[in-house]
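Colleague: Let me begin by handing over the structure; questions about it come next.
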Amino acid sequence: MFTKTSSMAMPPLVLAMVLVLLLAAGGTAFAHRMLIERVESGLIQVRYDDGTRAGLAGVTLYDGEGNIIAEGPADEEGFFHYDPVKRPNRIVADDGMGHRARWMEGEIDRREAVPRWQRVLLGVSVFVFIAALANYFMRKKHSIET
């Protein structure tokens, strides 16, 4: 049997454990970002951050004034060829399923600077911290009541 002391502290701890287990078992999630990668002058590749090619995604190239200079679908491998004389300032890709990527001349993607495992670890740490904080305040409240 649980005493009153253990039953008060148990729910936040159990909640924290369930939350951590759910996050750890997230290997089946399919959410990912779409990326545009310049392979060479006149060739780009549209792909997702897990390496999957975004075949048949619609690609639009814009010049510095915002005028469309080329558009069309990427091939099955995610490649899009364009006239290298036309130097795009901005490239937009859309797969029609909610993924949209944007590339701009001179822009650096800061999300790629931090490895995925570090971003996941930070996210899990935030949840664990919140659960520990809730547990602390529940114990503090219970010790004041007794």
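What follows draws every value from the coordinates through simple rules; no lab data is involved. Note that the coordinates shown come from a computational prediction; the quantities given were computed from them, not determined experimentally. Note that we place each Cβ from the backbone using ideal geometry, even for glycine, and neighbour counts take in every protein chain shown.
Colleague: How would Thr52, Thr60 line up from fewest to most surrounding beta-carbon atoms within 10 angstrom?
Modeller: So the residues, fewest neighbours to most, are Thr52, Thr60.
Colleague: Would you mind checking which residues have amide H under 5 Å from Leu43's amide H? H placed 1.01 Å from N; only 5 or more apart, or other chain.
Modeller: Tyr82
Colleague: Taking the simple approach of a point 7 Å from Cα along Cα-to-Cβ for both Lys140 and Glu71, what is their distance in nm?
Modeller: Computed distance between label sites Lys140 and Glu71 equals 5.7 nm.
Colleague: Moving on. Can you list residues from other chains, or at least 5 along the same chain, whose modelled amide H is less than 5 Å from the amide H of Gly55?
Modeller: Hits under the 5 Å cutoff: Gly78.
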